[in-house]
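Read the structure below first, then the notes.
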Amino acid sequence: MTDVRRLVHEAVQSVRITDMHTHLFPPSFSALQKSGADNVMTYHYLIAEALRVGDLSYEQFWAMDTAAQADWIWTQLFEKVTPVSEAALGVVQIARAFDLDPRTDKLAALREALDAAPTETYVNRILDMAGVESVVMTNDPFDEIERRYWEKQLPRGPRFHAALRLDVLLNDWAGVVPRLKSQGYDVGEEMTEVHLAEVRRFLKDWVGIMEPLYFAFSAPDTFAFPEQTPRGKLIAEAILPVCRELKLPLALMIGVRRQVNPALQSAGDSTGKASIVPIENLARQFPDNKFFVTFLSREDQHELAVTARKFGNVMPFGCWWFLNTETLVAEITRMRLELIGPTFVAQHSDARVLEHVIYKWQRARHVIGNVLADKYQSLADTGWTVREDDIARDVDALFNRNFWTFVHR
Ligand code: FIX
Ligand code: ZN
């Protein structure tokens, strides 16, 4: 290995990460927090894969309790086939991080090593194993269980940041109206000026409670803007004004087709090609707003990178969900580096279970490290002197600082 390659790999291995999108919660949100072997094994990525191997109906699978599902998935993915898929390999990587040999130790050992009711010490240990300094949660003010935790004002510690999720508000205005009314907000389906002002008051109240780093919305492949719909009006007249006033970015995660197979439940969502035009419209019409943007389909990645060249208020982030594979992370990261240099957020884990951060980030460091090593080596080959501190600065930007700079801009 050349010196440049070695320096890149060292920098990527040692960088402290800000994980800007996860579904994790601190131990104090105990009913929502997920960790431990059974939760690792029943990740929806693995459910979809196991049901392709095993001979169970969807109904039979969902009728089992979590431990039985975990056992069954183990048999399908680690005994009947070889765990080469990204998600199955992830389980192996978690086991190896705990010094287990999953082939011989099997699920029983994983159950013993991982903690399903974690203490703060365990949480810190896992985050440290992954080299993750802090994570951003996904926080839904319309989730009744979550609301109750926020109302209790429980400590969440310095490593768990909030992100206020807007999916319920933007997808189901008719359903949201009675709920907001019952909480004392004067809203109605007509969306008058008064109603929109009340939505702004609702959002600001929740910013006060959660102190989110950004607002987030996962949009379908058909996402359009502007549009004369409750969603279009809410974005233009409630969400973006609040984001501007409080200097909060809006994260748009575009291209999810929810429940294409409802029988798969949590594993039933899919991907679809979307349009870049709404992002151009938003970025141009609202130059004082900031947009984190990620797309779920491979086909949309090039247009996103080009759009980021046109608009400084667009920050591409991560390789989301079905894109979080060795092939696609390498391809997308390479393309982004070639079009916009190290001015994006390289990856987020989307971890739903605490221990996921171990494999998701091991994998991201490996794949992104290889791409970066190629790039710095090509640069060195031209005669440019690649210095260690340049590499460290860029790697820190991609895995940590670009996120914070954009949030604080
Ligand atoms: O909308 C999202 O935040 C998605 O990431 C999730 O809903 C999805 O289920 C997931 O976990 C993907 O990684
Ligand atoms: Zn997510």
Fraction of accessible area attributable to carbon and sulfur, segment 52-94 (%, probe 1.4 Å):
52 percent
What spacing in nm lies between the two simple spin-label points modelled at LYS106 and ASN171, each 7 Å away from Cα in the Cβ direction?
3.9 nm
Take peptides 165-175, 103-113 and line them up by average Cβ neighbours within 10 Å, highest first, as a rough protection proxy.
165-175, 103-113
Which distance in nm do the two modelled labels at LEU89 and GLU190 give, with both placed 7 Å along the Cα-to-Cβ direction?
5.8 nm
Unit charges on C-beta of K, R, D, E only; dipole of segment 244-337, Debye
200 debye
In percent, what relative contact order does the chain have, based on Cα pairs under 8 Å that are 6 or more apart in sequence?
22 percent
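On the protein heavy atoms, probe 1.4 angstrom, tell me the percent of accessible surface of segment 229-269 carried by carbon and sulfur.
Working: 810 of 1520 Å².
Of all accessible area on segment 229-269, carbon and sulfur atoms account for 53 percent.
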Relative to the Cα centre, what is the charge dipole magnitude of segment 36-114, using +1 at the beta carbon of each Lys and Arg, -1 at the beta carbon of each Asp and Glu, and rounding to the nearest 20 debye?
160 debye
Stretch gain in nm, segment GLN377-ARG409, where the contour uses 0.36 nm per residue and the Cα spacing is subtracted:
8.3 nm
Placing each pseudo-label 7 Å from Cα in the direction of the beta carbon, VAL81 and ALA68 end up separated by a distance in nanometres of 2.4 nm
Alpha carbon centroid spacing (whole Å) that separates segment 173-201 from segment 3-34
38 Å
Given Cβ point charges of +1 (Lys, Arg) and -1 (Asp, Glu) and nothing else, what value in debye, to the nearest 20, does the dipole of the chain about its Cα centre take?
660 debye
Considering the dipole of segment 36-114 built from charges on the beta carbon (Lys and Arg +1, Asp and Glu -1) around the Cα centre, which of ILE73, HIS44, GLN93 is farthest to its positive end?
GLN93
Distance histogram in 20 Å bins (all Cα pairs of the chain, percent per bin):
26, 58, 17, 0
Over the chain, with the other protein chains present, what is the accessible area per residue in square angstrom, probe 1.4 angstrom?
42 Å²
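The values are calculated or read from the model by the stated rules, or taken from the named source; none is laboratory data. Fair warning: this is a prediction, and the values are worked out from it, not measured in the lab. Note: ideal-geometry Cβ built from the backbone for every residue, glycine included; neighbour counts use all protein chains shown. Protein only, heavy atoms only, side chains kept; ligands, DNA and RNA dropped before computing areas. Shrake-Rupley method; radii C 1.70, N 1.55, O 1.52, S 1.80 Å.
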